[in-house]
1. Quick one: in segment 245-261, which of the residues that are in a loop (DSSP other than H, G, I, E, B) and charged (D, E, K, R) is surrounded by the fewest Cβ atoms within 10 Å (Cβ to Cβ)?
2. Restricting attention to segment 262-275, which residues are surrounded by 17 or more Cβ atoms within 10 Å (Cβ to Cβ) and more than 18 Å from the chain's Cα centre (by Cα)?
3. More than 21 Å from Leu158 (Cβ to Cβ) and crowded, with 18+ Cβ neighbours inside 10 Å: is that true of Ala217 in this structure?
4. For segment 100-111, does any single residue satisfy the condition of being at pLDDT below 95, farther than 21 Å from Val269 by Cβ and acidic (Asp, Glu)?
5. At pLDDT 95 or above and touching a strand residue (DSSP E or B) at 6+ places or on another chain (Cβ under 8 Å), is that true of Pro58?
6. Can you tell me which of (1) part of a helix (DSSP H, G or I); (2) more than 21 Å from Val269 (Cβ to Cβ); (3) at pLDDT 95 or above is the one Ile53 doesn't meet?
7. Go over the candidates Trp83, Trp140 one by one and state the one that is within 30 Å of Asp22 (Cβ to Cβ), touching a Leu at 6+ places or on another chain (Cβ under 9 Å) and modelled with pLDDT of 95 or more.
8. For segment 258-272, how many residues are under 13 Å from Gly229 (Cβ atoms) and in contact (Cβ under 8 Å) with a residue 60 or more places away in the chain?
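The values are calculated or read from the model by the stated rules, or taken from the named source; none is laboratory data. Here the structure is a predicted model, which means the values were calculated and not measured. Please note: Cβ atoms are built from the backbone with ideal geometry, for glycine as well, and neighbour counts cover all protein chains shown.
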Amino acid sequence: MIRLFAGILALLAAVAPAAARDLTVVSLNIRMPSPDDGANRWELRRDLTVATIRRANPDVIGTQELFKRQGDDVVARLPRYRWIGVGRSGAERADDEHMGIFYRADRLTVERCGNFWLSDTPAVPGSNSWGHPFPRMVTWAIFREADGRRFAMFNTHLPYRAEDEPAREKGAALLAARIPAIAGDLPVVVTGDFNTVPDSPTYRRMAQGLRDAWGAAPVRTGPEATFHGFTGKPDRRIDWVFVKGFAVKRAATVDTRRGDVFPSDHYPVVVTLGR
């Protein structure tokens, strides 16, 4: 009888669907490698940035202000990760910002990926509209997990000047319009430095059909504001993670530092998602 019962349990375990694993997402403006950053030059904070990522153990990371050598530095030190992205000019230049998406290659497979520009001509690489000084873009990917589940991820960086709010709102509207065309019915994650606050037209546009993970999380840790300019005194929550089709379990703003050295001038946002 005991053997029969054990056999039944083993059979049930074999046919029962595996529990879905949580998905950990990070949004991080990694700060470009500027020689003017003093104690926080990339070469001096690189190891702390990598250690912060390693501790969070994310499945995916949406980065902003990423230069190619920074992306290569990260994956050289965290070999389980790969990254995708192109320069915002549309050409591969060493001094060009990327909307780099990092992913755990042992957990996720990229089914397809691409880019579009936040302009009147989104398919034209490097295109720029709406009066702001630099091209702005979105990098996206469709990921498949080991159990076959799939999701879509979008990553962006909106214009930074106070007078750019109309351009940010237009960029958010274009991104929101493109999401269903690319993702279909898949669950969606959006990461980004939106360079504006939640009480803004840009935020309200993003919140139409998507949920702010920070606001939805039943458990939150760390400061609410994310930009601190290498001071450790954040004053604005401009780095957001939006989701659709996921249950938000936890959200954290990571305020790691080593003395006067920080991983970035923005705090990383770490979100744990379930199905």
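1. Step by step, filter segment 245-261, then rank; the result is Asp260.
2. Kept after step one, since they are surrounded by 17 or more Cβ atoms within 10 Å (Cβ to Cβ), are these residues of segment 262-275: 262-273.
Once the filter is applied, which keeps residues that are surrounded by 17 or more Cβ atoms within 10 Å (Cβ to Cβ) and more than 18 Å from the chain's Cα centre (by Cα), segment 262-275 yields only Phe262.
3. Working: more than 21 Å from Leu158 (Cβ to Cβ): yes; crowded, with 18+ Cβ neighbours inside 10 Å: yes.
Spelling it out, Ala217 is indeed more than 21 Å from Leu158 (Cβ to Cβ) and crowded, with 18+ Cβ neighbours inside 10 Å.
4. Step one: of segment 100-111, the residues at pLDDT below 95 are none.
No; the residues of segment 100-111 include none that is at pLDDT below 95, farther than 21 Å from Val269 by Cβ and acidic (Asp, Glu).
5. Values: at pLDDT 95 or above: yes; touching a strand residue (DSSP E or B) at 6+ places or on another chain (Cβ under 8 Å): yes.
Yes: the conditions hold for Pro58.
6. It is condition (2) that Ile53 fails.
7. On the way: Trp140 fails: touching a Leu at 6+ places or on another chain (Cβ under 9 Å).
Of Trp83, Trp140, the one residue that is within 30 Å of Asp22 (Cβ to Cβ), touching a Leu at 6+ places or on another chain (Cβ under 9 Å) and modelled with pLDDT of 95 or more is Trp83.
8. 5
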